[in-house]
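Q: There's a structure below that I have some questions on.
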């Protein structure tokens, strides 16, 4: 994808999303013997015992606390404590996959009883899942928006879903329809579909990045602006990405958590799509694809993804794409002080005065940045870093500030 | 379970648009060159000397000062070279060597480096140093001084000087086309208006300058000068004359839209440029100085942080 600056730069840079190419090779990966799950927490909060046996669909409890909903069968072999993004503690749980497949009693019984909200609540306990929006006050959400737009302009996984997973999508939408008064599905201009579900509204428009961000889509579709820093659920709106609906559809269709997850793998601009059982480690995927030399692995897109430094990291429901690069990407030592060129202010979809804010953030004045420059309005698209002439890692500073502020808030509480 | 392979990790985004400070300043530098080359052709070898000494010494001062502060010099990004070149464009070809050195010292070190370097200067460094030099050595910075060495085919008085002391009737001694093509006395790089306009358009298309500021500055100069001209046509020169003389074009495209000291939001950009434009004509027409651009821009530079607080409401604020 060509994203570099052109000679004439009168218009704002926007990133056109990629399209799924039918000729892309789809590789299915067999369930490996060793699988991994990651959960947020430390060994002290979750004292797992090695040799513990878990079944698919089982709500694993440690010391009376719900730890996670297991998407795999296995025997716990080892536990490792690591630090993840923004220094959050994580536990890596390694399981030897048990051969016998047992029935998913939890899922199938909830499905039979028609307890849809309870099912979603329990699914939110799957490790690494992007939580499903749930009504907080009443039984119904006012509206649910399903976005089929790519979360990152460098992936084309949603296009793939729309071509190959229509049954699952229909199942998922039918399931969600009963939880809301209004359900809208949002398409990009190219891949508009008619699902033939009565009561399902569909909305189609050209959404180039960063205008495909959840808050901006909701503003377009429902005409509602969510106050900055607040979740959708507080205003009784549900927002779901396509992969969440597909996963739901797969679970309902199989009546089991044992599903295959498609992952978009971009190996130095050569694209493959792999379908893997949840919990497969990235190293296994890379061995299967015989990817040899690399020095950078990035999850979930080049613009707002995260780099992975541990190849034991498993593929969990929220991981959509893996980028493997042979050469160093991203920021270099070219960084200078902000020269106030105004490119970040021009591109910012949230209209934040980024040029002023970066001066507060560099000096660790996080509260000033929040109060004077509306830090919390940031929609986390990463475009400010992308266009920065001084090559300042603005997005990094913003995420750090948000994390520090959340720590301060917790301390006060 | 520990692995020996080490992966590189950094924060998103992992790609960049490709723009850089280096690209930006060298492009502005090259956009200055048509006007500078014309100045060298018009004023002769001494102009070349001033340009080279100014550009070179500006880079030299940066290296020296960065070494003193035990920092890595960044002259490759072209910002110091640009400051030196812009200073040379404003002074006459007869400027003595020591004044060029003092000027670039004031420009690079006092105007910018002591505040923290690139991006930290409170006012435009070039105008800051030019204002000091202009106030301190008024007789040395004499645009007619060069006339002893060569003959010119045009009226040998600096246009703004002529209008200030003779009145608007002096305007008849100049032709608009000749002014546009640089047949006038002035700074080395500020006489060739056509070259400056072409350079400015190039920069605006590639977005190395904030073009709204340039356009609004020219409009506000035109309107203010027109009002003066209508009120008293015998005393005050016509607006077109004001646009094509003095530092107007140089200021519009190279001095006023300087990144660090100009606003970034749309309305503040217009306000900032209007303040500079109106002040320029006020100083030129009723002030003590012949050329008003320098002090007008310094004044609007001081206003810029305040003006830039006028901004659109952030997404999701106060809903």
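The values are calculated or read from the model by the stated rules, or taken from the named source; none is laboratory data. Predicted model, so just to flag it, every value in this text is computed and none were measured. Don't worry about glycine lacking a Cβ; one is built from the backbone with ideal geometry, like all the others, and counts go over all protein chains shown.
Q: Taking the stated definitions as given, is residue A:292 crowded, with 24+ Cβ neighbours inside 10 Å, over 30 Å from residue B:259 (Cβ atoms) and either more than 9 Å from chain B (Cβ to nearest Cβ) or touching a residue at least 12 places away in the same chain (Cβ under 8 Å) (or both)?
A: no
Q: Please go through the stretch A:97-126 and give me each residue that is touching a strand residue (DSSP E or B) at 6+ places or on another chain (Cβ under 8 Å), at pLDDT 85 or above and part of a helix (DSSP H, G or I), ordered by number.
A: Residues satisfying the conditions are A:122, A:123.
Q: If I filter the stretch B:170-178 for residues that are under 27 Å from residue B:100 (Cβ atoms) and either crowded, with 20+ Cβ neighbours inside 10 Å or modelled with pLDDT of 85 or more (or both), do I get at least one hit?
A: Within the stretch B:170-178, the first condition is being under 27 Å from residue B:100 (Cβ atoms), and the residues that meet it are none.
No, the stretch B:170-178 has no match at all.
Q: While we're here: Is one or more of the residues making up the stretch A:275-288 within 14 Å of chain B (Cβ to nearest Cβ), in a helix (DSSP H, G or I) and surrounded by fewer than 20 Cβ atoms within 10 Å (Cβ to Cβ)? Steps first, answer last, please.
A: Applying the first criterion (within 14 Å of chain B (Cβ to nearest Cβ)) to the stretch A:275-288 yields A:281-284, A:286-287.
Subsequent filtering for residues that are in a helix (DSSP H, G or I) retains A:282-284, A:286-287.
Add one more test, that the residue is surrounded by fewer than 20 Cβ atoms within 10 Å (Cβ to Cβ), and what stays is A:286-287.
Checked against the condition, which is being within 14 Å of chain B (Cβ to nearest Cβ), in a helix (DSSP H, G or I) and surrounded by fewer than 20 Cβ atoms within 10 Å (Cβ to Cβ), the stretch A:275-288 yields at least one hit.
Q: Let me ask another. Right, residue B:185: over 30 Å from residue A:5 (Cβ atoms), within 22 Å of the chain's Cα centre (by Cα), modelled with pLDDT under 85 and in a loop (DSSP other than H, G, I, E, B) or not?
A: no
Q: Hey, does the stretch A:339-355 have a residue that's within 26 Å of the chain's Cα centre (by Cα), under 30 Å from residue A:293 (Cβ atoms), at the interface with chain B (Cβ under 10 Å from one of its Cβ atoms) and part of a loop (DSSP other than H, G, I, E, B)?
A: No, the conditions are met nowhere in the stretch A:339-355.
Q: Among the residues of the stretch A:7-23 satisfying the criterion of being loosely packed, with under 15 Cβ neighbours inside 10 Å and over 16 Å from residue A:347 (Cα atoms), which is nearest to the chain's Cα centre (by Cα)?
A: If we take residues in the stretch A:7-23 being loosely packed, with under 15 Cβ neighbours inside 10 Å and over 16 Å from residue A:347 (Cα atoms), then A:19 is nearest to the chain's Cα centre (by Cα).
Q: Could you say which residue among B:295, B:303, B:253 is under 13 Å from the mean Cα position of the chain (by Cα), more than 14 Å from chain A (Cβ to nearest Cβ) and farther than 25 Å from residue B:138 by Cα?
A: Only one candidate qualifies: B:253.
Q: Is the stretch A:247-262 home to any residue that is farther than 29 Å from residue A:315 by Cα and surrounded by fewer than 19 Cβ atoms within 10 Å (Cβ to Cβ)?
A: no
Q: Only one residue in A:278, A:273 is in contact with a strand residue (DSSP E or B) (Cβ under 6 Å, 6 or more places away or on another chain), at pLDDT 90 or above and closer than 18 Å to residue A:130 by Cβ. Which one?
A: Working: A:273 fails: closer than 18 Å to residue A:130 by Cβ.
Answer to the check: A:278.
Q: List pairs: first in the stretch B:115-136 and more than 14 Å from chain A (Cβ to nearest Cβ), second outside any helix (DSSP H, G or I), Cβ under 7 Å, 6+ apart or cross-chain?
A: B:128/B:111; B:129/B:111; B:133/B:141; B:134/B:141
So that you can scan it fast, the table gives a plain yes or no per residue for (1) surrounded by fewer than 19 Cβ atoms within 10 Å (Cβ to Cβ); (2) under 22 Å from residue B:158 (Cα atoms); (3) in contact with a strand residue (DSSP E or B) (Cβ under 8 Å, 6 or more places away or on another chain):
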| site | (1), (2), (3) |
| --- | --- |
| B:210 | no, no, no |
| B:225 | no, yes, no |
| B:258 | no, no, no |
| B:265 | no, no, no |
| B:269 | no, no, no |
| B:272 | no, no, no |
| B:282 | yes, yes, no |
| B:299 | yes, no, no |
| B:306 | yes, no, no |
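Q: On the basis of being within 28 Å of residue B:50 (Cβ to Cβ), away from every other protein chain (no Cβ under 14 Å) and modelled with pLDDT of 95 or more, does residue B:218 make the cut?
A: yes
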